[in-house]
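Here's the structure, in structure tokens; my notes come after.
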Amino acid sequence: MTITTQAIETKYIKATNVTGARIKATAWGGSITIGYDYALDAQDVHRAAADALIAKLGWSGTYAQGGNAKGDGGYYFVNVQGA
């Protein structure tokens, strides 16, 4: 089993005149942007973006979610499986 050690960072991208609000999840392995799901609370929509990136990259494991020290409303996700 391979343990992925790349952190995932999510951030909120505000709506424009052309596109709605979005959440972008980024790691060294790649990134993905999803539309903001207003049926979810803020933590859960960031989790959904991280989960989408995890699926896109074919990663597995248990990811812990923590606040972003930058204060921009984003979150970090790290794989804690096997830690």
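The values are calculated or read from the model by the stated rules, or taken from the named source; none is laboratory data. In this text, all values refer to a predicted model and were calculated from it rather than measured experimentally. Virtual Cβ from ideal backbone geometry, glycine too; neighbours counted across all protein chains shown. We work out accessible area using only protein heavy atoms, side chains counted, and drop any ligands, DNA or RNA first. Shrake-Rupley method; radii C 1.70, N 1.55, O 1.52, S 1.80 Å.
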(request) Could you pull out every residue, at least 5 positions away or on a different chain, whose amide H is within less than 5 Å of the one on Ser60? Hs are placed 1.01 Å off N in the peptide plane, and Pro or chain starts have none. (result) Thr4
(request) Would you mind telling me which residue in Ala39, Ala55, Ala27 has the biggest mean-square fluctuation in a Gaussian network model of the chain, where springs connect alpha carbons within a distance under 10 angstrom? (result) Ala39
(request) Using Cα pairs closer than 8 Å and at least 6 residues apart in sequence, work out the relative contact order for the chain, in percent. (result) 34 percent
(request) Name the long-range amide H neighbours of Ala21: under 5 Å, sequence gap of 5 or more, or other chain; modelled H, no Pro or chain starts. (result) Ala15, Tyr36
(request) Would you mind calculating the gained length between Leu40 and Val80 on full extension (0.36 nm times residue separation, minus the Cα-Cα distance), in nm to one decimal? (result) 12.0 nm
(message) Out of the total accessible area of the chain (probe 1.4 Å, heavy atoms of protein only), what percent is carbon and sulfur?
(response) 53 percent
(message) For the chain, what does the accessible surface come to per residue with a 1.4 Å probe? Please give it in Å².
(response) 61 Å²
(request) Net charge near Ala27: determine it from the other residues with C-beta under 14 Å of the C-beta of Ala27, scoring Lys and Arg +1 and Asp and Glu -1. (result) +1
(request) Working with all protein chains in place, sort Lys11, Lys24, Lys70 by solvent-accessible area computed with a 1.4 Å probe, largest first. (result) Lys70, Lys11, Lys24
(request) List the pair-distance distribution P(r) of the chain, using every Cα-Cα distance, as the percent of pairs falling in each 5 Å bin from 0 up to the bin containing the longest distance, rounded to whole percents. (result) 3, 16, 27, 25, 17, 8, 3, 1, 0, 0
(request) Would you tell me the accessible area of Thr16, worked out with a 1.4 angstrom probe on the heavy atoms of the protein chains, in Å² to the nearest 10? (result) 80 Å²
(request) Just flag the chymotrypsin sites (Phe, Trp or Tyr not before Pro) in the chain sitting in loop per DSSP whose Cβ has no more than 10 other Cβ atoms within 10 Å. (result) Trp28, Tyr38
(message) Could you work out how much longer the chain between Lys70 and Ala15 gets when fully extended? Use 0.36 nm per residue separation minus the Cα distance between them, nm to one decimal.
(response) 17.7 nm
(request) Would you calculate the separation in nanometres between label points at Thr5 and Ala55, each defined as 7 Å from the Cα along the Cα-to-beta-carbon direction? (result) 2.8 nm
(message) Can you give me the solvent accessible area of Val80 with a 1.4 Å probe, rounded to the nearest 10 Å²?
(response) 60 Å²
